[in-house]
Amino acid sequence: MKPVTRTPGLLRTGISTIVWSFYNPVTIEFGRGLCTKTQDLLPSGRGLVVSGKGTSYQIAQNILKETNPERFVFFPKAEANPSVKTTEEGIALCRREKCGYVLGIGGGSPLDCAKTIAFLANKNESVIEVLYKKSLPASKGLPFIAVPTTAGTGSEVTQYSILTDTENKKKISIANVASYPDIALIDPALTDSMPPRITASTGLDVLAHGIESAWTKTTNPVSQVFAAEAVHLVLENLEEAVKNGSAESRDNMMRASMLAGLAISGAGTTINHSISYPLTLYRGLEHGFACAISLPAVMRYNLNASRDILLEIARSCGLRTAEELIERIESLLAVLDAPRKLSELDIKENDLDWLTEESFSKNVVKNPETLEKKDMRDILRDMI
Ligand code: NAP
Ligand code: FE
C-alpha cells in the first residue's frame, strides 16, 4: 500500500518540550437551554452565587427563580477585571454565611472572582498572599460550578483566575492544580443577550487563546488540536455572531471558547496576553480587544519560529499559508471594528518606555521566537 504523505503534523511543529502532560478535571455539560437544569447539578446546602452587577446578575436570578431562595446567598459584585478587594469580600461573605459551594454565573470576570472565592474560602491564606506567593496550597477548595454568559475566556474550564491588584496596578493570575471548576454548565443561549461590542471583544479573546496556546513553548498536541478547531470556529462564526447573533453562530462561538479554554488550561498564553494587561489597566480596553490588537504584529514576529503550526491552523481553516491566516485575522479585526492601532488608544512614541516595561512579563520566555525588551519595544512601535 502506498504510504500516506501528509503535511507536518501538529505534533512536529514548534514544540520545544519533548515531555508533556495534559490535565483537565472539569466535567463539561453543554447544550442550548441547559441552564434550566442548573439546580439539578448543585450540591445540597447553601451556595454562594457570584455574578457581575448587571446582565449576569439578571441571568443568575432568572436561572434560580424556581429554586428555594433560602438555598442561596447572592454576591452580585464582580466588576470587569475583578479586584483582589472584591474577591476578599466574597470570601468573607462565603465564610460568614457558611456556604458549602460556589456557583459562578457571568463572563470571565465573575467566573474568575468566583473561582478564587471557592478555592480560598476553606483556607487561611489571603488572596494577596496567594497572588504573590510562589508555592500555593494545592488542596481543593469548595465545590465550584461555573456558568459562562460570554463566549470568550473559557474560564469555566480553566484553573486560572485573573485578578487585579488595584493598589499596584497589576493583573495577576492565580493558577493551581486544585483550582479548576468541578462542573462547567455551558448554555450558549445565555450569550444571546450580548451586544455586538461584547460579542466581538470576547470572541477575539478566543482567537488569541487559540493562537497563543498553539505556538507557546509549553504547548502540547492536545492543546494544539483544541486550538486549531477553536480558531477555525472563530473565523467561521464570529462575524455572524456580532452582526446577526444567530443561534448557530452563538453555539459555535461558545464551543470555540470552551475548546480554547481547554487549550490554554494545558498550554497557557504568551505575549499577546502580556501586552493586553497594560492596555486594559491604563487605557480601559476590554480584555479580548486588548489581546487581539497585537495578534498581527506578534504573528509576523513569530512567523519563522511557528510557521509550521500556523500553517496547520491555516489549513484547518481552509487557507493555504500562514501569511493568509495573518491576513484573514487582520480582515476580521477590521470587519469587527476592533481597535487595530495603539494610536487609537492615545498611545504615542513617548509611551513606549512604560508600555514595554509593563508588557514584558514572565510570559516572554514562552514565546516561540526569542524576545528581548528591545524586540518587545519594536513590536509595540510597529503597532502605533
Ligand atoms: P466580563 O468582564 O466578564 O464582562 C464584560 C461585560 O459583559 C460586563 O459588563 C458584563 O455584565 C457583560 N455581560 C456578561 N455576559 C453578558 C450577556 N450574556 N449579555 C450581555 N452582557 C453580558 O468579560 P469577559 O471578557 O468574559 O471576561 C474578562 C475577564 O476574564 C478579564 O479579567 C480577563 O483577564 C479574564 N480572563 C480569564 C481567563 C481564564 O482562563 N480564567 C482567560 C482569559 C481572560 P455584568 O457586569 O453583568 O457581568
Ligand atoms: Fe484571555
Unsatisfied cross-links (Cα-Cα over 26 Å) in the set K53/K171; K77/K366; K171/K374; K98/K171; K85/K374; K53/K217: K77/K366; K98/K171; K85/K374; K53/K217
Label-point separation, E97 to R32 (7 Å along Cα→Cβ), nm: 3.3 nm
Given charges at beta-carbon only (K, R positive; D, E negative), |dipole| of the range 20-94 in Debye: 120 debye
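Charges at C-beta only: +1 for Lys and Arg, -1 for Asp and Glu. How large is the resulting dipole of the range 291-384 about its Cα centre, in Debye rounded to 20?
Approximately 280 debye in magnitude.
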Crossing angle, helix 221-243 versus the chain [Cα axis fit, 0-90 degrees, rounded to tens]: 80 degrees
Segments 294-306, 53-65 sorted - mean Cβ within 10 Å per residue, highest first: 294-306, 53-65
Potential extension, T67-W354 segment - 0.36 nm per residue separation minus Cα distance: 98.3 nm
Approximate shape of the range 311-360 as ellipsoid semi-axes (Cα gyration tensor, √5λ), whole Å, largest first: 30, 15, 7
Size descriptor, Kirkwood hydrodynamic radius, that averages inverse alpha-carbon separations across the range 100-238, Å: 16.0 Å
Length-normalised contact order of the chain in % [C-alpha pairs under 8 Å, at least 6 apart]: 17 percent
Dipole magnitude (debye, nearest 20) for the chain, charges at Cβ of Lys, Arg, Asp, Glu: 800 debye
Reference-scaled alpha-carbon Rg (2.2 N^0.38 Å with N residues) for the chain: 0.95
Helix-only mean residue ellipticity at 222 nm for the chain, each DSSP H run of n ≥ 4 adding -39500 (n - 2.57), per residue, nearest 500: -15000 deg cm²/dmol
Integer Hz, Karplus 6.51/-1.76/1.60 couplings in order for the range 337-347, x for Gly and Pro: 6, 7, x, 10, 10, 5, 4, 5, 9, 6, 9
Distance (nanometres) between label positions extended 7 Å along Cα→Cβ at N304 and E236: 3.5 nm
The range 143-181 versus the range 41-73: alpha-carbon centroid distance in Å: 19 Å
FRET efficiency estimate (nearest 0.05) - Cβ-Cβ, R197 to E125, R0 41 angstrom: 0.65
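What fraction of the DSSP beta bridges in the chain is antiparallel, stated in percent and rounded to the nearest 5?
Restricted to the chain, the bridges split so that about 20 percent are antiparallel.
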The range 265-384: proportion of alpha-carbon pairs further apart than 18 angstrom, %: 51 percent
Folded to 0 to 90 degrees: helix 373-383 orientation relative to the chain principal axis, Cα: 90 degrees
Interchain or long-range residues, amide H under 5 Å from F30's placed H: I186
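Taking 0.36 nm per residue of sequence separation and subtracting the Cα-Cα distance, how much length would be gained by fully extending the chain between E248 and S173, in nm to one decimal?
This chain segment gains 23.7 nm when fully extended.
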Debye intensity ratio I(q)/I(0), log10, the range 196-288, q values 0.15 Å⁻¹ (C-alpha model): -0.54
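Taken together, the values in this text are just the output of simple stated rules run on the coordinates, not laboratory data. Treat the numbers as computed from the prediction; the structure is a model and nothing was measured. Ideal geometry is used to build each Cβ from the backbone, glycine not excepted, and the neighbour counts take in all protein chains shown.
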